[in-house]
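The structure appears right after this line, and notes come after that.
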Amino acid sequence: MLSTYTPTDFSLEKLVRPNILALKPYASARDEFEGEAEVFLDANENPFDTTEGFNRYPDPHQKKLKKRLSELKNIAAKHIFLGNGSDEPIDLLIRIFCTPHQDAILTLPPTYGMYEVSAQIHAVAMQEVKLNPDFTLPLADIFRAIDASTKLIFICSPNNPTGNRFAVADILSICARFQGIVVVDEAYIDFCEPNHSLVAQLKQYPNLVVLQTLSKAWGMAGLRLGIAFASAEIIALMNKVKPPYNINSFTQQAVWEILQNPTTKTAQVKTILAQRATLATALAKLPIVLQVFPSEANFLLVRFRDAEAVYNYLLQHQIIVRNRSKQPLCDNCLRITIGTDQENQALLQALGQYPQT
């Protein structure tokens, strides 16, 4: 699986499960015609519209929404897949490329937990290579771990829960030497300055898939819309395997409307970045804090003298953070999301009153 790589070496067909290649996808009623119509008698829908058109099935290909995202991301719609959060494309990629009880995915803990959960659901083996102690990519260890069963490598950058972004050159070196699929999860990319997205690298690396989400910087977590960018061939496979109507009408319309005004998102990100810097400085001054790790996300990973005690103390003050102490390399660490100025001040006030022993 590991060798000197050039784009001409890459064979998508050899990676895809044979049953997926042979699959004839379900054709919904809305797949069987193009254009406009006035009378819809094809999909066994309730003809009475009492809820703003929700009596009709949504566009299974989200054409209007993809057109807008294509404009914002400067990439053709054929390279865009929309899923129910980022979790759906993660699940689909494992389903497409990994044969149960035979293939494996490689992850880099500490990292986002759904990669492992999705692999377990599909009876796919896990290969774990811990990050370096400074949270950088252990390239030599990664290359040693890859074997014939490795089909997917998941790289979260900026990484959750550590907050750091991996060097683009390191990620691309993996793309260049690995003939499986490299999935770069950019859920927090909008909080980087400047934006270091790898979407622009898709033409050069046909084995690259980039995941993004509208849950973080865009503030649409409740609408559940994730995005995968990839070659047209990989996107076609994902559309082949997904449920026919995976994005509901309300989400499609609401997201489209929010995307008409990206300046709101830009202003909110600017505020979050300023708050991140202020909060990091203030936390570092607290005697109960051992280390505040650098972050290019909308959260801070903070090492405390006793993270469990601080977590429970904050819970008593109705402040919820995430205890990541059981994750590799994250002993005594809490992950703290950047809130509003008022929320951040409430956190600092509570921590400032933490009983000293």
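What follows is calculated from the coordinates using simple rules that are stated; it is not laboratory data. The structure displayed is predicted, hence computed values, not measured ones. Note: ideal-geometry Cβ built from the backbone for every residue, glycine included; neighbour counts use all protein chains shown.
Worth pointing out:
- Simple rule: put +1 on each Lys or Arg Cβ and -1 on each Asp or Glu Cβ in the chain, find the dipole, and look at Thr136, Val199, Asn160; the Cα lying farthest toward the positive end is Thr136.
- Estimated FRET transfer efficiency (Lys14, Gln204; beta-carbon r; R0 22 Å; 0.05): 0.65
- Rounded to the nearest 20 debye, the dipole magnitude of the chain is 620 debye, with +1 charges on Lys and Arg beta carbons, -1 on Asp and Glu beta carbons, and the Cα centre as origin.
- Residues whose amide H lies under 5 Å from that of Asp185, counting only those 5 or more places away or on a different chain, are Ile155, Cys156, Ser157, Leu211; hydrogens are built 1.01 Å from N in the peptide plane.
- Between Gln342 and Asn261, the FRET efficiency from the beta-carbon distance, with R0 = 41 Å, is close to 0.95.
- Ranked by how many other beta carbons lie within 10 Å on average, peptides 182-195, 51-64 from highest: 182-195, 51-64
- Label-point separation in nm, Leu23 to Ile320, each point 7 Å along Cα→Cβ: 3.4
- Largest first and in whole Å, the equivalent-ellipsoid semi-axes of the stretch 243-352 read 32, 18, 13, each the square root of five times a Cα gyration tensor eigenvalue.
- Cross-link check: pairs Lys14/Lys240; Lys78/Lys130; Lys130/Lys242 evaluated at a Cα-Cα cut-off of 25 Å; pairs beyond the cut-off: Lys78/Lys130; Lys130/Lys242.
- Pair Arg56, Ser70: separation of 7 Å Cα→Cβ label points (nm): 2.1
- Estimated FRET transfer efficiency when R0 is 22 angstrom, pair Thr136-Glu193 (beta carbons, to 0.05): 0.70
- Qualifying aspartates and glutamates (Cα of each under 13 Å from Cα of Lys151; at least 8 residues distant if same chain): Glu13, Asp103
- Taking label positions 7 Å along the Cα-Cβ direction at both Lys78 and Gln102, the computed distance is 3.0 nm, reported to one decimal.
- Cysteines in the chain that lack a partner Cβ within the 4.7 Å cut-off: Cys98, Cys156, Cys175, Cys192.
- Scoring 344-351, 233-240 by mean Cβ neighbours within 10 Å over their residues and listing the highest first yields 233-240, 344-351.
- Farthest toward positive dipole pole in the chain [+1 Lys/Arg, -1 Asp/Glu at C-beta], among Ala280, Ala254, Pro110: Ala280
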